[in-house]
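*Asks:* Take this structure, written in structure tokens, and hold onto it; I'll ask about it next.
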Amino acid sequence: MITFDMLTIFPEIFTSYFQESIINRAQKKKLIKINTHNLRDYAKPGNRHRQVDDRPYGGGPGMILMVEPIAKALQKIKKAKKQKSRIIMLTPAGKQFDQKMAERLSSYDQIILLCGRYEGFDARVEKLVDEKISIGPYVLSGGELPAMILTEAVARHIPGVVGHPDALVEETFSKGRDYVEYPQYTRPEKFKGQKVPKVLLSGNHAEIGKWRQNKSKKR
Ligand code: SAM
């Protein structure tokens, strides 16, 4: 079982998505566990506003997430040393996430995801993390969506999470970055003049296999 720990100032963002479909079933089957932690719970004691961000030294727009609450939270969240744990900072400046990384991360017992907000993290947070990951070359307003994407992509590699294990075998990217799954069809056989390729209706599995191989390469 992998435990995913989200460190965020918006823990409620995760509730709806993780209560549905595959991810919900995976939690019920105890294949994964998802915890959300409110970073504000680690603000300086006595701070009325539970402040976890401040203005950048040297000036500039926006606010920066402070290192102290994050360090305190990580100390509490990180499991005992014998567990294989990975602390990940979500940042557009990180290494771009892909299927290979998702597979690699699925071998950990615990994945801690730091979700940034505002102008991001105090640079000293980098020393507290094992790696920095970006989900793509664009900037979002927070790390919560990236954390959900990473969690789902990693979880799909845990045996039992995806209903039919064969679904992963031919899936896009399963054989490398350039691999794209073959086209699939379901009823009706004819839609606005477009017909389902005859071979798929033939029942000849050897021919269907060849056709699919050919089509996935071509795409
Ligand atoms: N000022 C930061 C910069 O230029 O790199 C961007 C901060 S962004 C507005 C706020 C937070 O959203 C980031 O700290 C990060 O956690 C998250 N975020 C935004 N885009 C992301 C991406 N492509 N991948 C991962 N996290 C991202």
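The values are calculated or read from the model by the stated rules, or taken from the named source; none is laboratory data. Just so we're clear, the structure is a prediction, and the values are computed from it rather than from any experiment. Ideal geometry is used to build each Cβ from the backbone, glycine not excepted, and the neighbour counts take in all protein chains shown. Surface accessibility is based on the protein's heavy atoms, side chains included, excluding ligands, DNA and RNA. Shrake-Rupley method; radii C 1.70, N 1.55, O 1.52, S 1.80 Å.
*Asks:* I'd like the residue in the range 18-33 that is in a helix (DSSP H, G or I) and open to solvent by 50 Å² or more (accessible area, probe 1.4 Å) and, out of all such residues, is nearest to SER85 (Cα to Cα).
*Replies:* Here the answer is GLN27.
*Asks:* Does the range 129-147 contain at least one residue that is closer than 20 Å to ASN35 by Cβ, open to solvent by 40 Å² or more (accessible area, probe 1.4 Å) and away from the ligand (no atom under 13 Å from the Cβ)?
*Replies:* Checked against the condition, which is being closer than 20 Å to ASN35 by Cβ, open to solvent by 40 Å² or more (accessible area, probe 1.4 Å) and away from the ligand (no atom under 13 Å from the Cβ), the range 129-147 yields at least one hit.
*Asks:* Can you tell me which residue among THR36, THR3, THR15, THR8 is surrounded by fewer than 14 Cβ atoms within 10 Å (Cβ to Cβ), hydroxyl-bearing (Ser, Thr, Tyr) and at pLDDT 95 or above?
*Replies:* Only one candidate qualifies: THR15.
*Asks:* Which of (1) farther than 16 Å from MET101 by Cβ; (2) in a helix (DSSP H, G or I) does THR151 not meet, given it meets every other one?
*Replies:* (1)
*Asks:* While we're on this one: I need every pair where a residue in the range 144-166 that is under 22 Å from LEU7 (Cβ atoms) and in contact (Cβ under 8 Å) with a residue 24 or more places away in the chain has its Cβ under 7 Å from the Cβ of a residue that is part of a helix (DSSP H, G or I) and within 16 Å of the ligand (Cβ to nearest atom), sequence separation at least 6 or different chains.
*Replies:* GLU144/ILE13; GLU144/PHE14; MET148/PHE14; ALA153/ALA102; VAL154/ALA102; VAL154/LEU105
*Asks:* Name the pairs: first residue in the range 114-141 and in contact (Cβ under 8 Å) with a residue 60 or more places away in the chain, second residue among the small types (Gly, Ala, Ser) and more than 11 Å from the ligand (Cβ to nearest atom), Cβ to Cβ under 7 Å, at least 6 apart or on different chains?
*Replies:* Filtered contacts from the range 114-141: LEU128/ALA71.
*Asks:* So which residues in the range 102-113 are without any contact (Cβ under 8 Å) to a residue 60 or more places away in the chain and either open to solvent by less than 10 Å² (accessible area, probe 1.4 Å) or within 6 Å of the ligand (Cβ to nearest atom) (or both)?
*Replies:* Listed by number, the residues that qualify are ALA102, LEU105.
*Asks:* Quick one: GLU181 ticks every box in (1) open to solvent by less than 100 Å² (accessible area, probe 1.4 Å); (2) of a type in the set (Asp, Glu); (3) more than 29 Å from ALA102 (Cα to Cα) except a single one, so which number is it?
*Replies:* Of everything listed in (1) open to solvent by less than 100 Å² (accessible area, probe 1.4 Å); (2) of a type in the set (Asp, Glu); (3) more than 29 Å from ALA102 (Cα to Cα), GLU181 misses just condition (3).
*Asks:* Filtering the range 58-87 down to residues that are within 15 Å of the ligand (Cβ to nearest atom) and in a loop (DSSP other than H, G, I, E, B), which residue is most open to solvent (accessible area, probe 1.4 Å)?
*Replies:* My answer is PRO61.
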